[in-house]
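Have a look at the structure below, then the notes.
The values are calculated or read from the model by the stated rules, or taken from the named source; none is laboratory data. The structure presented is a predicted model; accordingly, all values stated were derived computationally and were not measured. Every residue, glycine among them, receives a Cβ derived from its backbone with ideal geometry; neighbour counts consider all protein chains shown.
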Amino acid sequence: MPDGLSTPVRNDWKWQTGTDISRIGCVKFAYVCSKKKGGAAMPCELKEKERTGVINPIFTCQPAGAQYASIGIKDCIGIVHGGQGCVMFVRLWFSQHYKESFELASSSLHEDAAVFGGVHRVEEAVDVLLMRYPDVKIVPIITTCSTEVIGDDVDGVVTKLNEGLLKEKYAGREVHLIPIHTPSFKGSHVTGYDVAVEEIIKHFAKKDKAAKKLNLLTGWQNPGDVRTLKHLLTEMDVEANVIFDIEEFDAPLMPDGNHVAHGSTTMEDLENTGSAIGTIALNRYEVGKAAQYLENEFDIPTVIGPSPIGIRNTDTFLENVKKLTGKSIPASLVKERGIAIDAITDVAHMFLADKRVAIYGHPDLVIGLAEFCLDLEMKPVLLLLGDDNTKYGEDSRIKALQENVDYDMEIVTNADLWDLGDRLQNKGLKLDLILGHSKGRFIAMDNKVPLVRVGFPVFDRAGYHREATVGYEGAMLLAEKMANVWFTDMEYTQNKEWLLNMW
């Protein structure tokens, strides 16, 4: 990086890309310390949850993730092929987080479909949807556990509708039916989002379109994150094709009435993904499949991760943008970085260092937060990844944790929130902070451990979806949020409140 953002090696510390702290003061970005206690690393164990069954899940099912992808597209309404609850509860989930209304449809299966099949309900649902919404052009058809188990031929019914109903009743109208298979008896909503993004990109991506932009596959972000990412790219004078652009999920209340929230990604944007100058996929487990497809099918230079959480991962993101586009990193972002580091310096060493943290949520978010906490001299002691993905052991970031962390850490896959509560109540786990979504609030309250809300869903705090977690802004906000939660806890518990008086 220009303007002094170098990568020096100092004493026994190995600095990651773009991290120059020679002028910073007391904040040590300590994650990659190569000097272990006693010359050997202490264990960082990756293991699967020991129990069968799930108690208080961290994640929900695959169809929810596919539905989230569908609401990120303009002129798109997904049809969920299953029971009404498969849409009703997911819409509630989205609305709890964003405080907005989203449009999703259901084929509304009943008990008879388990015996006789339910593909006729897909045909009826498509017809009714197109009649009621004349502007809809994209209709993902999302399967569920029930329709996958009974073996409904969704691909076949899409072919039938394309050759029949769409030609006969809706001739001259552009409609794209996209089958998306998301059996909810395996994987999670993270898996379903990954599958849906890949299928949608496969359907639309074309080569040799006029627009030559940088593909930015955001993954499951908040509007505040997308706004921040777009800001970083604007400062670098980079034209980006943001998939999916959900900044408008923060829908305005206008004089002519309230409007249903939806993303801004258009069909043309999706087509242009095949003609990009490069692709950056922020989250390996949420958009990695689509990014890999674009690289393999269209020979587009591709970078997958890391999520730009924290200073050094944001540095890496900007370096990747620079590499793919040839654009330089401007002084404005160097200053923005400096402001963030200064703010972090104010709280990290005195108030955050050595704090023991548990983190749960989406895997890319959890890993990124763990890396950031380590950079702040905090100690993530428990990482909970809430699905059965067998690829976690191959993740270079997790391998780096296993090789470099110099204290006991557990990384539990297929985990649930019972794993967190049980360790606190019965196994002597000591924590200073918890990072995760609102579902863990009762565990935090019962065990009197402060919870910093981050991720999805957050429904017991106002406006968090407007705040960034990524970028330099997100690093600053997150560090200050953790410090403020700790300050508040000191006031309530009168624990080390003298620190505040001295400060």
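Yes or no, residue by residue, for (1) within 15 Å of L385 (Cα to Cα); (2) of a type in the set (D, E, K, R); (3) touching a residue at least 40 places away in the same chain (Cβ under 8 Å):
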site: K47; (1), (2), (3): yes, yes, yes
site: R51; (1), (2), (3): yes, yes, yes
site: G65; (1), (2), (3): no, no, yes
site: K74; (1), (2), (3): no, yes, yes
site: I79; (1), (2), (3): no, no, yes
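For the stretch 321-371, a residue qualifies if it is in a loop (DSSP other than H, G, I, E, B) and over 17 Å from E473 (Cα atoms), and the qualifying residues are G326, K327, S328, A353, D354, K355, H362.
Of the residues L318, L294, L270, only one is aliphatic (A, V, I, L, M), outside any loop (DSSP other than H, G, I, E, B), modelled with pLDDT of 95 or more and over 29 Å from H176 (Cβ atoms); which? One residue alone meets the criteria, L318. Within the stretch 420-479, restricting attention to residues that are charged (D, E, K, R) and touching a residue at least 40 places away in the same chain (Cβ under 8 Å), the residue that is surrounded by the fewest Cβ atoms within 10 Å (Cβ to Cβ) is K430. Of all residues in the stretch 399-412, those being touching a residue at least 40 places away in the same chain (Cβ under 8 Å) and surrounded by fewer than 20 Cβ atoms within 10 Å (Cβ to Cβ) number 8. Considering each residue of the stretch 327-343 in turn, at least one proves to be in contact (Cβ under 8 Å) with a residue 24 or more places away in the chain, more than 16 Å from M409 (Cα to Cα), of a type in the set (D, E) and buried (at least 18 other Cβ atoms within 10 Å of the Cβ). Does A251 count as closer than 17 Å to G78 by Cβ and in a loop (DSSP other than H, G, I, E, B)? No, not satisfied.
Among the residues in the stretch 118-125, are any part of a helix (DSSP H, G or I), touching a helix residue (DSSP H, G or I) at 6+ places or on another chain (Cβ under 6 Å) and not aromatic (F, W, Y)? Scanning the stretch 118-125 turns up at least one residue that is part of a helix (DSSP H, G or I), touching a helix residue (DSSP H, G or I) at 6+ places or on another chain (Cβ under 6 Å) and not aromatic (F, W, Y).
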